[in-house]
1. Name the single residue that is farthest from the chain's Cα centre (by Cα) among those in the range 30-70 being among the aliphatic types (A, V, I, L, M) and open to solvent by 90 Å² or more (accessible area, probe 1.4 Å).
2. Every residue in the range 20-29 that is open to solvent by 90 Å² or more (accessible area, probe 1.4 Å), within 16 Å of A55 (Cβ to Cβ) and not polar (S, T, N, Q), please.
3. Residue by residue through the range 6-19, note down the ones that are more than 16 Å from D53 (Cβ to Cβ), in a helix (DSSP H, G or I) and among the hydrophobic types (A, V, I, L, M, F, W, C).
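The values are calculated or read from the model by the stated rules, or taken from the named source; none is laboratory data. As the structure is a prediction and not an experimental result, all values here were calculated from the model. We place every Cβ from the backbone using ideal geometry, glycine too, and count neighbours over all the protein chains shown. Ligands, DNA and RNA are excluded from the accessible area calculation, which covers all protein heavy atoms including side chains. Shrake-Rupley method; radii C 1.70, N 1.55, O 1.52, S 1.80 Å.
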Amino acid sequence: MSKKFSVADMELRDYFAAMAMQGTLSNFEWMQRLAVEHPDMPGTVTIAMSAYDVAEAMLWAREVTRAKEE
């Protein structure tokens, strides 16, 4: 099941998630909040899922902004 990934496989969503994850990992209070909100999941899974939630929101906001500019 070990699949190798490369930067070429990344989409904008993955990039946004990586940046969100970096921000979360640099903020101990935010990591604690995620642990309290999701005590049933391992911390790493919670952080990763949260990062992709942020990425999805960023993509949505990007589309809304572009639509307004047209």
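1. It comes out as V36.
2. Within the range 20-29, L25 is the sole residue that qualifies.
3. The answer is V7, A8.
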